[in-house]
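Visitor: The structure that follows is given in the form of structure tokens.
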Amino acid sequence: MKKEKKTSEKSPYEGKNYTKVVGIDVANSTIKVWTDNEKNLKYRNTIKEINDAGLVYSFKTDYQMYVYNKEVYEVGDIAAMGSGSRAKGRYDSNAFKIEALIGITSILEPNTKEKIRLVTGLPSSLAKNEAIKEAIKANLIGEHTLKSVKWDQVDTITFEIVEVIVVPQPLGTLYNFVYDSTTKELNQKYLAQRALVVDIGWGSLDLAVLESFRVRGTFGFDIGVSDYISDLQEDVNNKYPEASIYTLNPHELDLALLESEVVETPFGKYDLSKFVEKHKAIQAKRVHESTMGLGLEFNKFYRIILTGGGSLQYEKYLKELFNDPRLIIQENAVMANVRGFYLLGQF
């Protein structure tokens, strides 16, 4: 019987120095990755190095583990905080590098040896700092080999990052918004119109103005979901000091509140719904005041696009404060930036 020849699918990057485009957002709270065929992944930035030799050699853990340069890291312990920080020094740190490499590894197939064009973003307050951009590139460009370990399943993944593109974070949302999934092109009408993106992340508030196919201005503030969590935490501890809510790190409390506003501690259950609403309202007001205080000509915007995890957390209050029919909550707001980074890498 004659065997049929397998026809290999033509690479969309034929003639390029890369075989895959990857968008990644190594955020303070969450790592998000997006690549070809809309393959994507989102998980908490809970990466920490393991020093327990017994654990290292047994790999008997429910956590996903990775080995890089003979160092072992685990992902999944909510108590871990990753490189989360507002400091610009995080971008050339080893922790940031490991988080990025693990994010890329998690979305690649073993034994493929991809050459990657990587697109990522910086908070608007840092995006004009060329030194930080160059630090990110120097930290990530090159060939890397990691072992992905889950119980007895061990995969070796080697890839080379050949190019790193760094853009202001809100630009990702803009690309995501104007991309037409049907035509696989950017909506030229939307690109020409004036729009404002308001991106509320874990550690920062980023804004970008788009007009006539260009980013006309970016603005950044140290206002993020982490402030909502820390202010709420302080308020609860003053009211219920016996609850020891302060012993939860911000990631733990944020995750607990997303699942239920009744938080359980060793000292009992506490209904934090009133605290949640109070502090969401306060943070939404900070976002609104910071945005309106920029002195932009709001009557010229065709749309105001809210994105990021904070836009979902504060949605009710933001809609009341802006009270504007042009206001749009970006669909899949948590992943909008990273999908946009990937799309940006296509053009």
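The values are calculated or read from the model by the stated rules, or taken from the named source; none is laboratory data. Every value quoted in this text rests on a predicted model; they were computed, and no experiment measured them. Here Cβ is always computed from backbone atoms with ideal geometry, including for glycine, and neighbour counts include all displayed protein chains.
Visitor: Taking the stated definitions as given, is GLY76 in contact with a Phe, Trp or Tyr (Cβ under 9 Å, 6 or more places away or on another chain), touching a residue at least 12 places away in the same chain (Cβ under 8 Å) and of a type in the set (Gly, Ala, Ser)? Before you say what the answer is, go through the steps one by one.
Guide: On the way: in contact with a Phe, Trp or Tyr (Cβ under 9 Å, 6 or more places away or on another chain): yes; touching a residue at least 12 places away in the same chain (Cβ under 8 Å): yes; of a type in the set (Gly, Ala, Ser): yes.
In short, yes.
Visitor: Could you look through the range 186-212, keep only residues that are at pLDDT below 85 and within 28 Å of ASN37 (Cβ to Cβ), and pick out the one that is farthest from the chain's Cα centre (by Cα)?
Guide: Once the filter is applied, the top-ranked residue is LEU191.
Visitor: Being free of Cβ contacts under 8 Å to residues at least 40 places away in the same chain, surrounded by 12 or more Cβ atoms within 10 Å (Cβ to Cβ), within 27 Å of ARG339 (Cα to Cα) and in contact with a Ser or Thr (Cβ under 8 Å, 6 or more places away or on another chain): is that true of ALA192 here?
Guide: Details: free of Cβ contacts under 8 Å to residues at least 40 places away in the same chain: yes; surrounded by 12 or more Cβ atoms within 10 Å (Cβ to Cβ): yes; within 27 Å of ARG339 (Cα to Cα): yes; in contact with a Ser or Thr (Cβ under 8 Å, 6 or more places away or on another chain): yes.
So ALA192 passes the test.
Visitor: If you don't mind, there's one more thing I want to ask. I'd like to verify a number: residues in the range 134-146 that are surrounded by 17 or more Cβ atoms within 10 Å (Cβ to Cβ) and part of a strand (DSSP E or B), how many?
Guide: Selection size over the range 134-146: 2.
Visitor: Consider the range 292-307. How many of its residues are over 22 Å from GLY201 (Cα atoms) and polar (S, T, N, Q)?
Guide: Total satisfying the criteria: 1.
Visitor: Condition (residue is among the aliphatic types (A, V, I, L, M), assigned to a loop (DSSP other than H, G, I, E, B), surrounded by fewer than 21 Cβ atoms within 10 Å (Cβ to Cβ) and in contact with a helix residue (DSSP H, G or I) (Cβ under 8 Å, 6 or more places away or on another chain)) applied to the range 312-330: is it met by at least one residue? Spell out how you get there, then give the answer.
Guide: Taking the range 312-330 first, the residues among the aliphatic types (A, V, I, L, M) are 312, 318, 321, 327-329.
Going one step further and asking which of them are assigned to a loop (DSSP other than H, G, I, E, B), we end up with none.
Checked the range 312-330: no residue is among the aliphatic types (A, V, I, L, M), assigned to a loop (DSSP other than H, G, I, E, B), surrounded by fewer than 21 Cβ atoms within 10 Å (Cβ to Cβ) and in contact with a helix residue (DSSP H, G or I) (Cβ under 8 Å, 6 or more places away or on another chain).
Visitor: Which of the numbered conditions does THR265 fail, given that it passes all the others? Conditions: (1) within 26 Å of ILE31 (Cβ to Cβ); (2) surrounded by 14 or more Cβ atoms within 10 Å (Cβ to Cβ).
Guide: (1)
Visitor: Kindly provide the set of residues from the range 240-261 that are modelled with pLDDT of 80 or more and closer than 23 Å to THR46 by Cβ, ordered by number.
Guide: PRO250, HIS251, GLU252, LEU253, ASP254, LEU255, ALA256, LEU257, LEU258, GLU259, SER260, GLU261 - these are the residues of the range 240-261 that are modelled with pLDDT of 80 or more and closer than 23 Å to THR46 by Cβ.
Visitor: All but one of (1) touching a residue at least 40 places away in the same chain (Cβ under 8 Å); (2) within 26 Å of GLU49 (Cα to Cα); (3) polar (S, T, N, Q) hold for GLN153; which doesn't?
Guide: (1) is the only condition that GLN153 fails.
Visitor: Can you tell me which residues in the range 98-128 are of a type in the set (Lys, Arg) and modelled with pLDDT of 95 or more? Break it down stepwise before answering.
Guide: As a first pass, look at the range 98-128 and keep what is of a type in the set (Lys, Arg): 113, 115, 117, 128.
Residues satisfying the conditions are LYS115, ARG117.
Visitor: Enumerate the pairs (first residue in the range 325-347 and farther than 22 Å from ASP36 by Cβ; second residue anywhere and hydroxyl-bearing (Ser, Thr, Tyr) and in a loop (DSSP other than H, G, I, E, B)) with beta-carbon separation below 7 Å, excluding pairs fewer than 6 apart on the same chain, so at least 6 apart or on different chains.
Guide: The qualifying pairs are ARG326/TYR302.
Visitor: Please pick out the residue among TYR228, TYR190, TYR270 that is assigned to a helix (DSSP H, G or I), of a type in the set (Phe, Trp, Tyr) and touching a strand residue (DSSP E or B) at 6+ places or on another chain (Cβ under 9 Å).
Guide: Numbers: TYR228 fails: touching a strand residue (DSSP E or B) at 6+ places or on another chain (Cβ under 9 Å); TYR270 fails: assigned to a helix (DSSP H, G or I).
Matching residue, one of TYR228, TYR190, TYR270: TYR190.
Visitor: For THR183, are the conditions met, namely being of a type in the set (Ser, Thr, Tyr) and under 25 Å from the mean Cα position of the chain (by Cα)?
Guide: Details: of a type in the set (Ser, Thr, Tyr): yes; under 25 Å from the mean Cα position of the chain (by Cα): no.
Against the criterion (of a type in the set (Ser, Thr, Tyr) and under 25 Å from the mean Cα position of the chain (by Cα)), THR183 does not qualify.
Visitor: Further, regarding this structure: I'm trying to understand the selection: among the residues of the range 268-282, which are closer than 13 Å to VAL236 by Cα and either touching a helix residue (DSSP H, G or I) at 6+ places or on another chain (Cβ under 7 Å) or crowded, with 16+ Cβ neighbours inside 10 Å (or both)?
Guide: TYR270, LEU272, PHE275, VAL276, HIS279
Visitor: Criterion first (at pLDDT below 80, surrounded by 15 or more Cβ atoms within 10 Å (Cβ to Cβ) and among the charged types (D, E, K, R)) does LYS88 satisfy it?
Guide: On the way: at pLDDT below 80: yes; surrounded by 15 or more Cβ atoms within 10 Å (Cβ to Cβ): yes; among the charged types (D, E, K, R): yes.
Against the criterion (at pLDDT below 80, surrounded by 15 or more Cβ atoms within 10 Å (Cβ to Cβ) and among the charged types (D, E, K, R)), LYS88 qualifies.
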